[in-house]
Amino acid sequence: MKNIIIVGAGALGQELAWLIEEINDNNPEWNILGFLDDFAFDNKKSILGYPVLGRYDDYLSFMDSFFVVGFGDAVLREKIIRKMNSEELKWANLISPTVRVHRSNKIGKGVVIGRYTDLTVNCTIHDFVMLNIHVVLGHEVSVGQFSIISPNVTVNGGGRIGKACQIGANSFIRDIEVGDYSVVGASSCVIKNVDPESIVAGVPAKVLKVGRPNTSISRSEREDAQ
């Protein structure tokens with residue numbers, strides 16, 4: 001089995017541990033070594049029975065292992081991954097055995113796909129994307145690097161999600177384009193293109209704010225994103 005470390009020990013990191021357990025129940029593949037997390041390292045010895053191995057920067061001590069990032073904020077996810085990324089680092093793809101993926105789809109590295117998600121045909125999932133549970137992607141959908149699609153989201157065929165986008169739960173995205181670093185609020189219906197660095201919400205979705213999210217990371221932000 002391959003050793004894997006979860007970066008981030010908050011709620012999402014713990015859900016990833018559960019996903020790995022589910023994958024192993026179907027076909028033993030991963031040995032969870034534990035978590036890397038600044039906050040947890042100061043406060044806890046183990047989480048879900050797995051040890052807290054160190055802080056985020058301690059990944060250099062585990063270069064023979066695979067990694068997966070448990071951050072639920074797309075911008076912070078990008079920042080952490082770019083800080084860690086090197087040609088020598090190995091990123092795990094975690095795909096629930098309940099997922100349906102046609103062979104025509106293209107999936108990058110470091111991708112997480114949760115339970116009961118459907119990818120139809122000719123979709124492109126770029127590196128470090130997370131598709132949460134019960135997501136449906138129609139034909140030829142593209143999801144950009146670092147983007148996070150929350151539970152129960154449907155993206156119509158031909159839809160294009162940009163880089164480091166955050167798509168809220170229970171939303172519907174038509175065959176339109178959501179620009180890089182944009183946020184779609186939960187339970188929204190998006191029927192028109194969304195400009196980059198926009199926050200939209202509602203039925204139909206309307207622009208609430210324009211401006212690129214702050215990409216600096218404080219310790220409190222790291223904790224909130226997990």
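Rounded, prolate or oblate: which fits segment 2-91 when a ≥ b ≥ c are the square roots of the eigenvalues of the alpha-carbon gyration tensor, with rounded for a/c under 1.5 and prolate only if a/b beats b/c? It comes out rounded by the Cα gyration axes.
Positive contributions from Lys and Arg (+1) and negative ones from Asp and Glu (-1), summed over other residues with Cβ under 13 Å from the Cβ of ILE20, come out at -3.
Subtracting the Cα-Cα distance of ALA186 and GLU29 from their residue separation scaled by 0.36 nm leaves 53.1 nm. Look at where the Cα atoms of segment 115-146 and of segment 178-197 average out, and the two centres are 16 Å apart.
Compute the relative contact order of segment 132-194 as a whole-number percentage, counting only Cα pairs closer than 8 Å that sit 6 or more residues apart in sequence. So the answer I get is 27 percent. With R₀ fixed at 35 Å, the C-beta to C-beta distance from VAL99 to LEU48 puts the FRET efficiency at about 0.95. Other residues with beta-carbon under 12 Å from the beta-carbon of TYR50 carry, at +1 per Lys or Arg and -1 per Asp or Glu, a net charge of 0. Pairs exceeding 24 Å between alpha-carbon atoms, taken from LYS79/LYS163; LYS45/LYS79; LYS163/LYS206; LYS2/LYS163; LYS83/LYS192: LYS45/LYS79; LYS2/LYS163; LYS83/LYS192. Counting only aspartates and glutamates at least 8 places from LYS90 when in the same chain, those with an alpha carbon closer than 19 Å to its own are GLU29, ASP37, ASP57, ASP58, ASP64, GLU78, ASP127.
Take the Cα of ASN170, step 7 Å toward its Cβ, do the same at ARG55, and the gap between the two points is 4.0 nm.
Over the residues of the chain, the helix contribution to mean residue ellipticity at 222 nm works out to -5000 deg cm²/dmol, using -39500 (n - 2.57) for each DSSP H run of at least 4.
For ASP64 and TYR116, a Förster radius of 35 Å and the Cβ-Cβ distance give a FRET efficiency of 0.60, rounded to the nearest 0.05.
Quick note: the coordinates plus some simple rules give every number you see, no bench work behind them. Computed from a predicted structure; not experimentally measured. All Cβ positions, glycine included, derive from the backbone under ideal geometry; neighbour counts span all protein chains shown.
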